[in-house]
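Here is the structure we will look at, set down as structure tokens.
The values are calculated or read from the model by the stated rules, or taken from the named source; none is laboratory data. Just so we're clear, the structure is a prediction, and the values are computed from it rather than from any experiment. When we count neighbours, we look across all protein chains shown, and the Cβ atoms used for this are built from the backbone with ideal geometry, even at glycine. Protein only, heavy atoms only, side chains kept; ligands, DNA and RNA dropped before computing areas. Shrake-Rupley method; radii C 1.70, N 1.55, O 1.52, S 1.80 Å.
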Amino acid sequence: MTISQDFPPHIAWQADGAQHTLPWHSEAGNAPPKRVLEADDRIAADTAYKLACEGTGLLWRGDFQNARQLLQALGRRIDRARERAEAKKKGADKGTAEQPAQAFHHHRQMQAQRARILGMLLIPLDAGFSIPLRRAPDVRDACAEAYGPQLGKQPFAVSLRELQGLVGAHEWRKKGVEINALGARIHPYYGVFSPVRGEYVDLVAQAPLPSAELAFDIGVGSGVLSAMLARRGVRKVVATDMDERALACARENLQGLGLLAQVELRKADLFPEGRAPLIVCNPPWLPARPSSPIEHAVYDPDSRMLFGFLNGLAEHLAPGGEGWLIMSDFAEHLGLRAPTMLAEAIAAAGLEVAGRIDTKPRHGKAADRDDPLHAARSKETTSLWRLKARA
């Protein structure tokens, strides 16, 4: 079956001698499968895997828990196929070490392929975000948080993999992420960068404040750095972001911490108007193109945000003020950024380095030798660069 080009997008399939359609939604911006078949508990995992690899969407009509098991079975088949391909590649490339940048791009390709195949298992949602399947969980709150109430006014289809992501994000939002430097939890929204790597918050907690009067937080995200600055006694923080979801997330977190009176949230691309004695920015660390809107917090195409911050910093700093740039050198170890690029960009922006504080990452992947990017991760350092306008 082919897909109509009408908006909004939808899936189309035949069942019981009739043509059916259902609106399609993907927060990742993925297009609907061009061919869709109904599937239930009777389908074999090997058959489902073959169809998914061919790009056929499987609209589930059976038991919901069996759909979850099928998704796991598809994941195992993807992993086995990848292991066979990598073993064959190693045999062909024997004696030739894969360069870090090649390893990174290969890793992203494998992730994208895995996501595409797993995304072919589809789940119908009724109006109000209920799932019309046996043994289906209640996902109404998770969907309402991620999708908003407007989408729930009619039935639609979504990939099971994305639905599981929504449910996981909902649980993270309820539970929160413990931030030791704050002595409190931050509750990230779906699609907003979660501060699970707390070492960069520790850097902001340790660096000497040039002033406690005013600070700008560029790219507020969950609000964790604004909260840290407010907790350290900065009397006013102006925090910016272009993402409405991030601004709502920051507002809720700051309100829950009793710090909203100290922080003014603004929708802005990088800097607010005026100058400040302290300007903080934690841009995405990898200069690569995101494959979905949700990845914008991780990937910064052509280092747009990094260069935008550096090039605009001097004109927004108050006399004697500092800009704190929080960056990892992971991109350098991956070969995605030249070792001298950051220092050259700082100098070209009319800035100088007043100091630097370094720390090593503490997340699980940093010590995981089985991680495809372990060689680069094991060398990674996260730094807070204290920048001043050059006299």
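Here are a few things to note about the model shown:
- Using only the C-alpha atoms, the convex hull of the chain corresponds to 156 Å³ per residue.
- Between residue 59 and 37, 38, 39, 122, the built amide H atoms are under 5 Å apart, and every one of these is 5 or more places off in sequence or on another chain.
- Straight-line cross-link partners of residue 89 among the lysines, defined as a Cα under 23 Å from its Cα and at least 8 positions apart when in the same chain: 50.
- Cross-link partners for residue 379 among the aspartates and glutamates, with Cα-Cα distance under 16 Å and sequence neighbours closer than 8 places in the same chain left out: 199, 329, 332, 358, 368, 370, 371.
- Each Cα pair under 8 Å and six or more residues apart adds its sequence gap; the mean of these over the residue count of the chain is a relative contact order of 12 percent.
- Within the accessible area of segment 66-162 (1.4 Å probe), percent carbon and sulfur: 49
- Most tightly packed first, judged by the mean number of other beta-carbon atoms within 10 Å of their residues, the peptides 12-22, 343-353 read 343-353, 12-22.
- Within the chain, percent of DSSP bridges classed antiparallel, to nearest 5: 50
- Annotation: extensible slack from residue 135 through residue 107 equals 6.5 nm (criterion: 0.36 nm per residue apart, minus Cα-Cα distance).
- Antiparallel %, DSSP beta bridges [both residues in segment 232-391], to 5: 55
- Site pair residue 248 and residue 196 shows an inter-label distance of 2.3 nm when each label is modelled 7 Å from Cα along Cα→Cβ.
- Over the chain: helical MRE at 222 nm, DSSP H runs n ≥ 4 each giving -39500 (n - 2.57), nearest 500: -11000 deg cm²/dmol
- Sites residue 144 and residue 391 - FRET efficiency at Förster radius 35 Å, r taken between beta-carbons, to 0.05: 0.05
- Once C-alpha pairs closer than 8 Å and six or more residues apart are averaged by separation and normalised to the residue number of segment 90-207, the relative contact order reads 19 percent.
- Under the Karplus curve 6.51 cos²θ - 1.76 cosθ + 1.60, θ = phi - 60°, whole-Hz ³J(HN,Hα) for segment 61-75, x wherever Gly or Pro sits: 10, x, 6, 4, 5, 5, 5, 4, 5, 5, 4, 5, 5, 5, x
- FRET efficiency, 1/(1 + (r/R0)^6) with R0 56 Å, evaluated for residue 31 and residue 353 via beta carbons: 0.80
- In this structure, the amide hydrogen of residue 279, modeled 1.01 Å from its nitrogen in the peptide plane, lies closer than 5 angstrom to those of 216, 322, 323, 324, counting only residues at least 5 positions away or on a different chain.
- Pairs of Cα atoms nearer than 8 Å and 6+ residues apart set the relative contact order; for segment 210-295 it is 37 percent.
- Among 129-142, 58-71, the peptide with the highest mean count of other Cβ atoms within 10 Å heads the list, and the full ranking is 58-71, 129-142.
- For the chain: accessible area per residue (Å², 1.4 Å): 49
- Cross-link reach list, lysines versus residue 267, counting only Cα pairs under 19 Å and skipping chain neighbours closer than eight places: 236
- Choice from 228, 341, 305 showing the highest fluctuation, given a GNM over the chain with Cα pairs closer than 10 Å: 341
- Accessible carbon and sulfur surface of segment 225-371 relative to its total accessible area, %, 1.4 Å: 50
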